[in-house]
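*Asks:* Structure in structure tokens, see below.
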Amino acid sequence: MSNELLYLLFFGGLFPLMFIAYIIGKNKAISLTNKNIKMHSQPSQYGWFVSLYTGLPIITITVVGVFLYLFDIHLLPPFMLISFALSLGAVSLVFLNKAINKDTKARNLVEGFIEGLLLLATFVSILTTFGILISILFEAIEFFRRESFFNFIFGTTWNPDTAFLEGAGRGGEEVASAKFGAVPIFAGTFYITGIAMLVAVPIGVFTAIFMSEYASETLRDRIKPILEILAGIPTVVYGFFAAITVAPLLVDFFASLGLKASYESALGAGIVMGIMIVPIIASLSDDVINAVPKNVKQGSLALGMNKAETIRFVVLPSAMPGIIAATLLGVSRALGETMIVVMAASLRPNLTMNPLEDMTTVTVKIVEVLVGDQAFDSSLTLSAFALGLVLFVITLVINIVSIYTIRKFHKKYKISNL
Amino acid sequence: MEKNDDYFYIPQLKKRNRNGKIFKWVCASALISALFFLFIFLFDMVRQGYPAFTQAYIETEVTFNEDLKSNPYSAFDSDSFSIISRAWMRGLPRMMDEDPSLKGTEQKIWALANAEVDQYIKGHPHKLRDREQKIVDRMLEEGSIESKFNVIFFLTGDSKIPENAGFYSAIIGSLLTLLVTMTIAVPIGIMTAIYLEEFAPDNKFTQFIEININNLAAIPSILFGLLGLAIFIIFFGVPRSSPLVGGMTLALMSLPIIIVSSKAALKSVPATIRQAGFGLGLTRWQIVRDHVLPLSLPGMLTGSIIALAQAIGETAPLIIVGMIAFVPDAATNILEPATVMPAQIYTWSGMPERMYIEKTAAGILVLLTILLSMNGVAIYLRKKFHTKW
């Protein structure tokens, strides 16, 4: 039986049945009211009650059946499963219809159903987090079963090229075994992130100070949307800009100083990434600076400090936890940023302190490995998931620390944006 | 009057005020440098992208006969063969099939010039040989080469022949993907926000969900790609490269943004409205459905548009789920392989031919125009429906 027919059977059974259930439930309630029985709820609520609780078993059984199917457990053939679910729905319709009397709390039951539905929606976001964790974790564990964890974390040579020979059954004595030492990759990631933060933090924080303390209301209203444009530019566009415009400029500039810079230098990718993060840091810092109570500032002004001194010695120290949290969120964005480094940084793991040389990052490696034509179970493919796991853990820790800091900050000053 | 007689004279005051001014200018220069960067960036994109909106055409004579059908290249002498696009020549037999009256006639038509001629006319680096350059120069004088508006860019899909490559299939792919994202993320996001803001008790579990959502908003987007690959493609068997899998992945990504903005919209509805509802004997759901939700809907809409605008520019997770496949024809449904605008931009940016660079920049201009207009609509809605309680 084809999929289309199955869909037709399912929806063609479900919706008419629920519609009939609504009509039946409503009419029953109306007929009871006409007999001068005082009902608990409105007739239409009885209709919804019968309709929703007719649909519930049908949908539940089908969804469970489909899930079992994906785990290769075939309790019933799909046609039988849907027919069974539909007939169960019909039975529950008859049963519910019989059960309606003046004490049936249809409204409460319907609203309970809706609340359950809303609760179910919130589970999607939890499932997403666990989905990410699970999808990375299993493959990463498989990777660490093959390659040593210690080597991965502390090894300084990343040379996985021979992994695919082994995967093809051509590994042997004469081929050097693949090396998965990720230190150069992590070093590149942190280095580029560091450059990005050197650009983003001063510009972002000072912009935030200007916007919240110096700019007039109208200027603020005009500049905020412009900064939002900066935040809304896709990273692939930044990446193109970094590779086509910024990189050659840097090479020419350093050549005039007599220095040799790579076209895929860490500096170029870092600077552009920093610009990308400016609006994130600026808008979060703006929020926290605005959250500093007015009376604190007025107290400082009353004691004779001028505006700049008030900002430097009173406002900024009070806002510091929030600014640090904003910076941390920026760091987490920079660590996980992909397209800028894929386009503007290189593929070569390179352990160096020179920002003019090319470097690679975790995300570049993940993209390189997963876009190539590797067999899904080769060590090389699995290494992408191991790198992903490290990225996940690091960003998770940073995010949670910064979220807690911001929450605490907002609790202190009794406002709540996050 | 001696300075020291001034009762209010403070010796450091001058220095302090000067420092204050310097501080103000440091702050202002930070803002100015951010704006300056934005300006340089936009200027550079326009400068690189606008040439792609024109394309050179050559007026040429074509004899439509049976030979043309079997071998379209044969209709041209070596001079025109070297400057006319191969892709255009290959399209001739189809042109003849569509219009049988052409058969047996000799027509003067504007043929698509190849990439090198186009680059030569635009004054960019090119690979034309001297002889070909002379032909093109002569034809330019005769007026039989013209730069026309580049319809091909908006009407065809990707191609390995630079002058024939267009953005159409990427635009359609993005639309389909966005449609999937919207139908999944917006309802679930709004439902989650309603639950958290209106129904959830304030306990550890709710706090856990809220922290989880904030964390999800900051998780690197590429990890969502890994989720899409491992769970949607490998476990559920959703076709690779399809707008369905791309849209589902992006939906999970934009969910936290929609939730956070919808929660803010719900929060901005004053508590008195709810209290009035309770006072009249409404249930919590009735208050939400009939009063709170309609009042906060514009805010939710604004937040959703901004989240979707972000999703449309997202690349990394889509690359992981395979949406950078070479797709010459636009997808017709959500299960066919497709490419999206940012992925097309990424693919073109890696091509060696010079013409792809300007196509990349032109693609960026199209993408930015769409993004800016989406954001513009969001800002307009926010202004229009803004209520001061």
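The values are calculated or read from the model by the stated rules, or taken from the named source; none is laboratory data. Because the structure is predicted, anything quoted here is derived from the model rather than measured. Cβ coordinates were reconstructed from backbone atoms using ideal geometry, including for glycine residues, and neighbour counts include every protein chain displayed. Heads up: the accessible areas ignore ligands, DNA and RNA and are worked out on the full protein's heavy atoms, side chains in. Shrake-Rupley method; radii C 1.70, N 1.55, O 1.52, S 1.80 Å.
*Asks:* Going by the structure shown, is A:A231 part of a helix (DSSP H, G or I), more than 7 Å from every other protein chain (Cβ to nearest Cβ) and either open to solvent by 60 Å² or more (accessible area, probe 1.4 Å) or at pLDDT 90 or above (or both)? Full working, then the answer.
*Replies:* On the way: part of a helix (DSSP H, G or I): yes; more than 7 Å from every other protein chain (Cβ to nearest Cβ): yes; either open to solvent by 60 Å² or more (accessible area, probe 1.4 Å) or at pLDDT 90 or above (or both): no.
It is false that A:A231 is part of a helix (DSSP H, G or I), more than 7 Å from every other protein chain (Cβ to nearest Cβ) and either open to solvent by 60 Å² or more (accessible area, probe 1.4 Å) or at pLDDT 90 or above (or both).
*Asks:* On the given criteria, is B:F64 among the aromatic types (F, W, Y) and touching a residue at least 24 places away in the same chain (Cβ under 8 Å)?
*Replies:* On the way: among the aromatic types (F, W, Y): yes; touching a residue at least 24 places away in the same chain (Cβ under 8 Å): yes.
Here the answer is yes, as B:F64 does meet what is asked.
*Asks:* Which residues, taken from segment B:226-270, are within 8 Å of chain A (Cβ to nearest Cβ) and within 20 Å of the chain's Cα centre (by Cα)?
*Replies:* Within segment B:226-270, B:L252, B:L255 meet the criteria.
*Asks:* Of all residues in segment B:47-71, how many are assigned to a helix (DSSP H, G or I) and surrounded by 13 or more Cβ atoms within 10 Å (Cβ to Cβ)?
*Replies:* Within segment B:47-71, residues that are assigned to a helix (DSSP H, G or I) and surrounded by 13 or more Cβ atoms within 10 Å (Cβ to Cβ) number 8.
*Asks:* Given the criteria under 25 Å from B:R284 (Cβ atoms) and surrounded by fewer than 19 Cβ atoms within 10 Å (Cβ to Cβ), does A:L127 qualify?
*Replies:* Values: under 25 Å from B:R284 (Cβ atoms): no; surrounded by fewer than 19 Cβ atoms within 10 Å (Cβ to Cβ): yes.
No: the conditions fail for A:L127.
*Asks:* Based on this model, can you work out whether B:I211 counts as crowded, with 23+ Cβ neighbours inside 10 Å and within 12 Å of chain A (Cβ to nearest Cβ)? Don't jump to the end; show me each part of the working.
*Replies:* Working: crowded, with 23+ Cβ neighbours inside 10 Å: no; within 12 Å of chain A (Cβ to nearest Cβ): yes.
No, not satisfied.
*Asks:* Identify all residues within segment B:187-208 that are over 16 Å from A:G116 (Cβ atoms) and open to solvent by 40 Å² or more (accessible area, probe 1.4 Å); write none if there are none.
*Replies:* B:E197, B:D202, B:N203, B:K204, B:Q207, B:F208
*Asks:* Please state which of the following conditions B:V377 fails to meet, knowing it meets all the rest: (1) over 23 Å from B:L227 (Cα atoms); (2) crowded, with 20+ Cβ neighbours inside 10 Å.
*Replies:* The one condition B:V377 does not meet is (2).
*Asks:* Residue check: is A:S256 more than 14 Å from chain B (Cβ to nearest Cβ), more than 23 Å from A:A215 (Cβ to Cβ) and crowded, with 18+ Cβ neighbours inside 10 Å?
*Replies:* On the way: more than 14 Å from chain B (Cβ to nearest Cβ): yes; more than 23 Å from A:A215 (Cβ to Cβ): yes; crowded, with 18+ Cβ neighbours inside 10 Å: no.
No, not satisfied.
*Asks:* Here is a further query. Only one of (1) open to solvent by less than 10 Å² (accessible area, probe 1.4 Å); (2) small (G, A, S); (3) within 8 Å of chain A (Cβ to nearest Cβ) fails for B:S349. Which number is that?
*Replies:* For B:S349, the failing item is (1).
*Asks:* With segment B:230-303 as the region, which helices (runs of 4 or more DSSP H) entirely inside it contain at least 2 residues that are buried (at least 21 other Cβ atoms within 10 Å of the Cβ)?
*Replies:* Helices (runs of 4 or more DSSP H) meeting the threshold: B:243-267.
*Asks:* Any residue in segment A:326-346 that's over 24 Å from A:K408 (Cα atoms) and open to solvent by 10 Å² or more (accessible area, probe 1.4 Å): show its pairings with residues that are in a helix (DSSP H, G or I) and among the hydroxyl-bearing types (S, T, Y) at Cβ separation under 8 Å, as long as the two are six or more apart or on different chains.
*Replies:* Sorted first by the residue in segment A:326-346, then by its partner, the pairs are A:E337/A:T235; A:E337/A:T363; A:V342/A:T363; A:V342/B:Y346; A:M343/B:Y346; A:M343/B:S349.
*Asks:* I need every pair where a residue in segment B:162-183 that is assigned to a loop (DSSP other than H, G, I, E, B) has its Cβ under 7 Å from the Cβ of a residue that is among the hydrophobic types (A, V, I, L, M, F, W, C), sequence separation at least 6 or different chains.
*Replies:* What qualifies is B:G166/B:I152; B:G166/B:F153; B:G166/B:F154; B:G166/B:L155; B:F167/B:F153; B:F167/B:F154; B:F167/B:V366.
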